[in-house]
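Heads up: the structure comes next, in structure tokens.
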Amino acid sequence: MHIGLTNLYFLNTAPRTTAHHLPLFAVQVAKLKAFSKFENTAEALQAAASLVDSKLSKGLKKFLKKHAEGETLAVVDAKLGNVIKEKLGIPCIYSSGVLELSRGLRNQLEGLIGGLSAADLRPMSLGLSHSLSRYKLKFSPDKVDTMIVQAIGLLDDLDKELNTYAMRVREWYGWHFPEMTKIVNDNIKYAKAVKLMGTRDKAAGLDFSEFLEEEEESALKEAAVVSMGTEVSEEDVMNVEALCDQVISLSEYRGQLFDYLRSRMAAIAPNLTVLVGELVGARLIAHVGSLVNLAKAPASTIQILGAEKALFRALKTKHETPKYGLIYHASLIGQASAKHKGKISRVLAAKCALGVRVDALGDVNDEGAIGLEARAKVSTDMVYWQSFLYAVGQGCLGLYPTCVVVFRRVGLFSGSMSWVGGCSPSLAEPGAPAVAPPRF
């Protein structure tokens with residue numbers, strides 16, 4: 001598709017409020033001096049995007065050098081006019097009269113340019129506007145977060161169905177071989193063993209080493225000999241094996257879906273993925289509806305996403321509000337001790353708010369560099385915080401019992417205590433520098 005009609009220059013024009021109402025009058029007032037046509041949509045999009053950002057594109061720069069030197073140029077963007085004047089030395093004017101004249105020229109563009117009809121102008125303008133909208137929204141098939149929302153929803157449904165089917169296999173086959181339930185704990189291994197074995201009297205002559213450990217295999221064969229389970233018919237075994245096939249196939253598909261979700265999250269939200277993992281990040285995105293909605297949320301909202309019912313119940317009953325929601329399942333919070341999980345969740349939510357904004361609105365693909373840096377900072381602060389409390393408990397609080405009352409959060413001490421590895425000045429080594437505590 002060829003787009004034109006952007007690089008225009010008119011002489012002998014005067015701002016008139018009635019020019020855009022009279023086509024013949026517009027032709028008398030304005031005269032086309034030069035015209036340049038774009039070769040393709042990509043070139044037109046690049047020029048339009050540069051104009052939106054008040055930048056001087058190469059095509060416009062070349063066009064103005066050729067046709068506008070020594071003249072005064074009327075512009076509808078004061079910032080772009082300053083750029084043209086600075087780089088090309090062409091004087092530019094910007095006023096309300098220029099804006100009115102510009103509206104008149106746009107309305108009478110068909111009469112000013114020969115061979116151009118409304119039927120041609122409308123699809124060209126529509127195509128360029130769509131392309132410009134995609135560019136401004138940074139649209140890319142790899143950045144579609146709808147796929148993540150659907151994938152994580154399907155993954156949760158598969159987990160529920162897989163667990164239901166696996167429990168049904170254990171309960172059904174348990175009538176024939178009840179001892180196997182305690183020997184093989186993994187549901188998938190259990191289904192594979194039932195599929196391979198059929199009835200328990202065949203277990204002694206089979207090889208389960210492909211999916212069972214040596215200890216599990218030997219215990220299974222020994223238990224099959226002395227099992228107290230009831231006998232089953234061939235038809236019963238066939239139905240149990242068919243259910244085992246469903247469990248195995250669902251498990252394989254779940255693995256493929258998780259790999260797909262991991263690749264999508266790495267492409268769409270690498271920083272969020274580094275901070276909280278693929279599953280937690282995908283659930284956060286799905287909970288708010290899109291990556292952009294999550295980027296708009298403050299850190300305090302991200303911290304309690306998924307715990308809305310508990311939050312409103314606490315506000316209604318005037319109890320303590322929840323400290324975390326879906327973010328609780330992140331590995332960093334799992335590494336923290338029970339009394340520090342609330343503080344770590346607050347710090348992690350703040351880092352997630354920064355990382356997800358870079359993922360949603362950033363132009364540079366940093367492959368999770370910001371998330372890696374933030375994760376290292378949270379890990380360091382978590383270790384420092386725990387070791388600091390241990391040091392305080394071992395030394396400072398023993399010498400300063402009054403500090404217990406004041407010690408509500410990091411940095412609040414009575415008296416003239418200073419920070420030296422979390423201990424009082426009397427416990428610090430001579431000449432040791434003061435260390436600032438992490439801020440939560």
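The values are calculated or read from the model by the stated rules, or taken from the named source; none is laboratory data. Small disclaimer: the values here were computed from a predicted structure and weren't measured. Ideal geometry is used to build each Cβ from the backbone, glycine not excepted, and the neighbour counts take in all protein chains shown.
Whenever a residue of the stretch 329-352 is β-branched (Val, Ile, Thr), its partners that are outside any helix (DSSP H, G or I), lying with C-beta atoms within less than 7 angstrom and at least six residues away or across chains, give the pairs Ile333/Tyr324; Ile344/Ala336; Val347/Phe440.
Ala26 meets each of the listed conditions (1) at pLDDT 80 or above; (2) within 22 Å of Met124 (Cβ to Cβ); (3) surrounded by 13 or more Cβ atoms within 10 Å (Cβ to Cβ) apart from (1). Taken across the stretch 188-205, residues that are within 30 Å of Ala151 (Cα to Cα), surrounded by 19 or more Cβ atoms within 10 Å (Cβ to Cβ) and either outside the structural domain of Ile152 (by TED's automatic domain parsing) or charged (D, E, K, R) (or both) do occur, with at least one present. Scan the stretch 51-77 for residues that are surrounded by 14 or more Cβ atoms within 10 Å (Cβ to Cβ), part of a helix (DSSP H, G or I) and in contact with a Phe, Trp or Tyr (Cβ under 9 Å, 6 or more places away or on another chain) and the total you get is 4. Of all residues assigned to the stretch 83-98, at least one qualifies as being assigned by TED's automatic domain parsing to the domain that holds Glu39, of a type in the set (Ser, Thr, Tyr), out of contact with any Ser or Thr (no Cβ under 7 Å at 6 or more places or on another chain) and surrounded by 16 or more Cβ atoms within 10 Å (Cβ to Cβ). When each of Val292, Val288, Val274, Val247 is tested for being outside the structural domain of Gly153 (by TED's automatic domain parsing) and buried (at least 21 other Cβ atoms within 10 Å of the Cβ), the lone residue that passes is Val274.
Only one of Leu73, Leu80, Leu99, Leu162 is modelled with pLDDT of 80 or more, of a type outside the set (Phe, Trp, Tyr) and under 30 Å from Leu243 (Cα atoms); which?
On the way: Leu73 fails: under 30 Å from Leu243 (Cα atoms); Leu80 fails: under 30 Å from Leu243 (Cα atoms); Leu99 fails: under 30 Å from Leu243 (Cα atoms).
Just a single option satisfies the conditions, and that option is Leu162.
Condition check: among the charged types (D, E, K, R), more than 14 Å from Asp201 (Cα to Cα) and in contact with an Asp or Glu (Cβ under 7 Å, 6 or more places away or on another chain). Does Arg262 satisfy that? The answer is yes for Arg262. When residues of the stretch 111-143 are filtered for being modelled with pLDDT of 75 or more and not in a helix (DSSP H, G or I), how many remain? Residues flagged as modelled with pLDDT of 75 or more and not in a helix (DSSP H, G or I) within the stretch 111-143 amount to 0. Of the residues Leu305, Leu272, the single one that is hydrophobic (A, V, I, L, M, F, W, C) and closer than 18 Å to Asp363 by Cα is Leu272. Taking every residue in the stretch 53-69 that is within 15 Å of Lys85 (Cα to Cα) and not assigned by TED's automatic domain parsing to the domain that holds Lys87 and pairing it with any residue that is surrounded by 16 or more Cβ atoms within 10 Å (Cβ to Cβ) and modelled with pLDDT under 80, at least 6 positions away or on another chain, yields no pair with a Cβ-Cβ distance below 9 Å.
Go through the stretch 206-221 and give me each residue that's buried (at least 16 other Cβ atoms within 10 Å of the Cβ) and of a type in the set (Asp, Glu). Of everything in the stretch 206-221, those that are buried (at least 16 other Cβ atoms within 10 Å of the Cβ) and of a type in the set (Asp, Glu) turn out to be Glu216, Glu217. Only one of the listed residues (Ala224, Ala282, Ala269) is more than 41 Å from the chain's Cα centre (by Cα) and either crowded, with 20+ Cβ neighbours inside 10 Å or at pLDDT 95 or above (or both). That residue is Ala224. Scanning the stretch 251-266 for residues that are more than 9 Å from the chain's Cα centre (by Cα) and buried (at least 19 other Cβ atoms within 10 Å of the Cβ), we see that the one that is nearest to Leu354 (Cα to Cα) is Arg264. Return the only residue of Ala307, Ala286 being small (Gly, Ala, Ser) and without any contact (Cβ under 8 Å) to a residue 40 or more places away in the chain. Testing whether each residue is small (Gly, Ala, Ser) and without any contact (Cβ under 8 Å) to a residue 40 or more places away in the chain leaves just Ala307.
Please enumerate the residues belonging to the stretch 255-282 that are touching a residue at least 60 places away in the same chain (Cβ under 8 Å), β-branched (Val, Ile, Thr) and within 20 Å of Asp159 (Cβ to Cβ). Result: Thr273, Val276. Regarding Ala349, is this residue surrounded by 19 or more Cβ atoms within 10 Å (Cβ to Cβ) and over 20 Å from Asp156 (Cβ atoms)? Yes: the conditions hold for Ala349.
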